[in-house]
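Here the structure comes first, spelled out in structure tokens, and everything after it is commentary.
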Amino acid sequence: MSIANETLFRLEHATVVRPSGEQAFEDLSWTIREGETWAIVGPVGSGKSALTDVLAGRLRVESGILEWPLVERLRTSGRPIAWPAEIVGRVGFKEESRLFSYGRHYYQQRFNFIEPADDLTLDEFLHGGIQTDDETIARVTARLDIADLRALSFIKLSNGQTRRARIARALLSHPEILIVDEPFVGLDVDGRREVRSLLQQLAAEGTRLIVITAPNAIPGWVTHVVELTERRVTFRGPRADYRPRVESAAGPATSAPSGSTLAVPIVELRNINVAYGGMPILRDVSWTVRAGERWAVLGPNGSGKTTLLSLICGDHPQAYANDVIVFGKRRGSGESIWDLKRRIGLVSPEMHLYFSEPLTAERAAATGFFDVLVSRPTTPEQDAKIRDLFAYFQITDLAARPFGRLSSGQQRIVLLIRALVKDPPLLILDEPFQALDAVTAERARTWIDERLSPDRTVLFVTHNESELPRTITRRLRLRQGEVVDVG
């Protein structure tokens, strides 16, 4: 039986270290009590995910006080808990469970046939390693609007669908404390509303919730906020007392682009149809993009946006069965995929998931010159371009750090730089501001508006039109695989 205000978890003046021995926090104090729901906020790289790693037992408390009264209470009641991580559920950015690991797959595989022995359906993902029944799974998946997807391959789900699936799996494991890292990222308007309502209901039912989110997106059911800045707690207390920090997004001086927009078509799609296992993904889609145009690609989760972009990038095998013309070349007419990719810069949630090479941040960004995910030698001029972009985005101090040890937000900045380094004629930005704080996102918008040459074409995918740079003036809107608005 829970008792209001009873302490569940307590850190006092703790020094926390990573497995490598590197210090993660110094003089860290945080107490969680029964009846509290917490939001963790802060800029990119402030330590938000690392703080939840302390709860999950992934980081070691070297000195100070660490207490888990909740664990002791559960053990007293007869529950055999060997480690606090057993009672903490977490939905982070990347799924790396024993059931599924992006490190065992490659990016284009999500568009191709998968051998049955290598396949994992959503239903199998939800059942795997969890003691539950089909009725419960049906109820939870219906609440998250993924019940109709249970027979699909997990790897083929869209970014937003995958996020909902992972929240469902976390709920099915019935954790004592549930941590959700950026629960609304990658979800369309309806999805955000559904997840917000679901989490509110869970909180009302007594689920102990902790969310990592932006300061301007703290759900109404949150009672307490902890704010981090440069791995130090700068606020900790009731939400009613919290006032978000206002930071400047100013970067180096920039000048507005000049010049005339060209009218040469660089993307021509004519009556495109794509289906998986008889299920239509795109239906009779026609679209022309001309050099210098800047488009927003809009639509709910599962509407076909990522599939559409994969046809343009040459990653989708069904491009050869459709009338797809990019830079004047029809797919299947003999051109090399590398000739196509060298003229495109791409950042997407899916690329982020599959980028697992053991490189430094600087070398990871440098792979953008060659359209590969492995390191290759660069010229002094290319190295200078990387340094300039790292300086602009104010992450110069991260250049030599391993990419895998960066926060999700820091990794996303590096991959955005990777898309920009070669100044491509076509820049495809698929939800580029996921995991970025408001200041960094504004800095990226300024780059697109003021530093990108006017003859550069931009396709910008988002679920939030307020994210769009001001130079994005055209719209393509999809729904259930069909174009419902273009102009």
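Bear in mind that the values in this text are calculations on the coordinates, not laboratory data. Being a predicted model, the structure only gives us computed values, none of them experimental. Note that we place each Cβ from the backbone using ideal geometry, even for glycine, and neighbour counts take in every protein chain shown.
Annotations for the structure displayed:
- Viscosity 1.002 mPa s, 20 °C: Kirkwood-radius Stokes-Einstein D of the chain over Cα pairs, µm²/s: 90 µm²/s
- Centre separation in Å (Cα based) which lies between the stretch 427-456 and the stretch 302-371: 19 Å
- In terms of packing, defined here as the mean over residues of other Cβ atoms within 10 angstrom, the peptides 130-139, 212-221 line up highest first as 212-221, 130-139.
- The residues Val486, Val180, when put in order of fewest to most other Cβ atoms within 10 Å, stand as Val486, Val180.
- Computed on the stretch 267-425, with alpha-carbon pairs under 8 angstrom and 6+ residues apart, the relative contact order is 21 percent.
- Extending 7 Å from Cα along the Cβ direction at Gln480 and again at Glu465 yields two label points whose distance is 2.2 nm.
- Highest-first packing order for the peptide set 63-69, 24-30 is 24-30, 63-69, based on the mean count of other beta carbon atoms within 10 Å.
- Beta bridges from DSSP with both residues in the chain: antiparallel share about 55 percent, rounded to the nearest 5.
- Prolate/oblate/rounded label for the stretch 358-399 (Cα gyration tensor, a/c 1.5): oblate
- Amide proton proximity set for Ala39, modelled H, under 5 Å, gap of 5+: Val211, His224, Val225, Val226
- Cross-link pairs exceeding 27 Å between alpha carbons, from the set Lys156/Lys341; Lys305/Lys341; Lys305/Lys385; Lys48/Lys422; Lys341/Lys385; Lys329/Lys422: Lys305/Lys385; Lys48/Lys422.
- Between the stretch 45-77 and the stretch 379-394, the alpha-carbon center distance in angstrom: 39 Å
- The chain, relative contact order [Cα under 8 Å, separation at least 6], %: 17 percent
- Residues whose amide H comes within less than 5 Å of that of Leu8, counting only those at least five positions distant or on another chain, are Ile32, Arg33, Glu34 (H built at 1.01 Å from N in the peptide plane).
- One decimal place: the segment Asp388-Arg342 gains 14.5 nm when fully extended, by the rule 0.36 nm per residue minus the C-alpha distance.
- Cα gyration tensor shape of the stretch 273-347, rounded if a/c is under 1.5, else prolate or oblate by comparing a/b with b/c: oblate
- For the stretch 7-241, alpha-carbon Rg relative to the globular expectation (2.2 N^0.38 Å, N residues): 1.05
- Distances between placed amide hydrogens fall under 5 Å for Ile281 paired with Val274, Ala275, Tyr276, all partners being 5 or more residues away or on another chain.
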